[in-house]
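Derivation of every value follows stated rules applied to the coordinates shown; laboratory data play no part. Here the structure is a predicted model, which means the values were calculated and not measured. Backbone-built Cβ (ideal geometry, glycine too); neighbour counts: all protein chains shown.
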Amino acid sequence: MSETAGLDKIEWVFIDVGGPIVDDGRWVAFLERALAARLRELGHDVTDEQVVGYRDEAEKLRVARPTVAVIARFVDDEAAAIEVFRSIYRDLKNAPDETYVELNAVRERAPEGLARLAERYKLATITNNINEVADLLDRVGVGRYFDFHWISEAAGCAKPAPEFFRGALERAGCEPEAALMVGDRLDNDIGPAKRLGMWAARVGGDHYTWQKPTDESEVPDVEAADLYELAEKLLNHS
């Protein structure tokens, strides 16, 4: 049976930002350094290396939002942690365009892949992020491909919570069996989507390749190196 057998009923494709669309490796490295500096400004005794270690630890524990988890070690609550994150993001937004785009480089062939997907499907992002991520996608030239953005800050919940995915489906007016979730994390993207009855594709990203399925729900229905390869598989399958 073809890897894409059964996917011909898909109407909507929901795509995570970090990994499939944006190569966020430089951004994560910048964020870790900036986060350590901001925490020191707030009076906390922490080194860059410690922040990197805390974030790696959170990821290994499959924490949904590892950066926020690191900040929450030092501030009182999640809302305060998100505000610290946002303050770093605001600083980046004020940086020259070349710096901003370099840190959030669009993955090779992602624009072509999005263009191909948009020929047949409706597209939406689905991301654990702050609202400004929509501006990022516009600034790097791919925002035009999406019908809407489903962002955790605006939704009031985040992946892997089922209600986060249900909210995106409701916004799209789409049944789970007519939706494909595209992401690079088995715990945050693939598993939660499949448990709701969505299809799931593991695409792109270098950061979470170490993750292995813990049960059948975390086995992706299709895998691709990038969005262009995914589009070719979906559009050309027999």
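Quick notes on this structure:
- Two-site FRET efficiency, Arg90 against Ser217, from Cβ-Cβ distance with R₀ of 25 Å, rounded to 0.05: 0.10
- Reported to the nearest whole Å, the Cα centre-to-centre distance from the range 110-180 to the range 56-89 is 22.
- Antiparallel bridge percentage (DSSP; both residues within the chain; nearest 5): 5 percent
- Scaled against the 2.2 N^0.38 Å expected of a compact globular protein of N residues, the Cα radius of gyration of the range 25-102 reads 1.07.
- Cα gyration tensor shape for the range 110-218, rounded if a/c is under 1.5, else prolate or oblate: rounded
- Dipole in debye (nearest 20) - the chain, about Cα centre, beta carbon charges: Lys, Arg +1; Asp, Glu -1: 220 debye
- Ordered by the number of other Cβ atoms lying within 10 Å of each residue's own Cβ, fewest first, Glu177, Glu41 fall into the sequence Glu41, Glu177.
- A simple count of charges around Arg40, restricted to other residues whose Cβ falls under 12 Å of its Cβ and scoring Lys, Arg +1 and Asp, Glu -1, yields -1.
- For the range 35-41, Karplus couplings with θ = phi - 60° (6.51, -1.76, 1.60), whole Hz, Gly/Pro x: 5, 4, 5, 5, 5, 5, 4
- FRET efficiency for the His44 to Cys157 pair, using the beta carbon distance and R₀ = 30 Å, is estimated at 0.60.
- Rounded to the nearest whole Hz, the Karplus-based 3J(HN,Hα) values (6.51 cos²θ - 1.76 cosθ + 1.60, θ = phi - 60°) of the range 58-71 follow the sequence 4, 5, 4, 7, 6, 5, 4, 10, x, 5, 4, 4, 5, 4, with x at glycine and proline.
- Neighbour-count order for Lys212, Lys159, fewest beta carbons within 10 angstrom listed first: Lys212, Lys159
- Counting beta carbons within 10 Å around each of Asp226, Asp23, Asp8 and listing the fewest first gives the order Asp8, Asp226, Asp23.
- Residue-wise HN-Hα coupling along the range 189-195, computed from phi with Karplus coefficients 6.51, -1.76, 1.60 (Hz; x: Gly, Pro): 10, 5, x, x, 5, 5, 5
- Pairs exceeding a 20 Å alpha-carbon distance, out of Lys9/Lys159; Lys9/Lys194; Lys60/Lys194; Lys9/Lys122; Lys9/Lys212: Lys9/Lys159; Lys60/Lys194; Lys9/Lys212.
- Proximity of backbone amide H atoms, modeled 1.01 Å from N, is registered between Ala200 and Met181, Asp221, Val222 at under 5 Å, excluding neighbours fewer than 5 places apart on the same chain.
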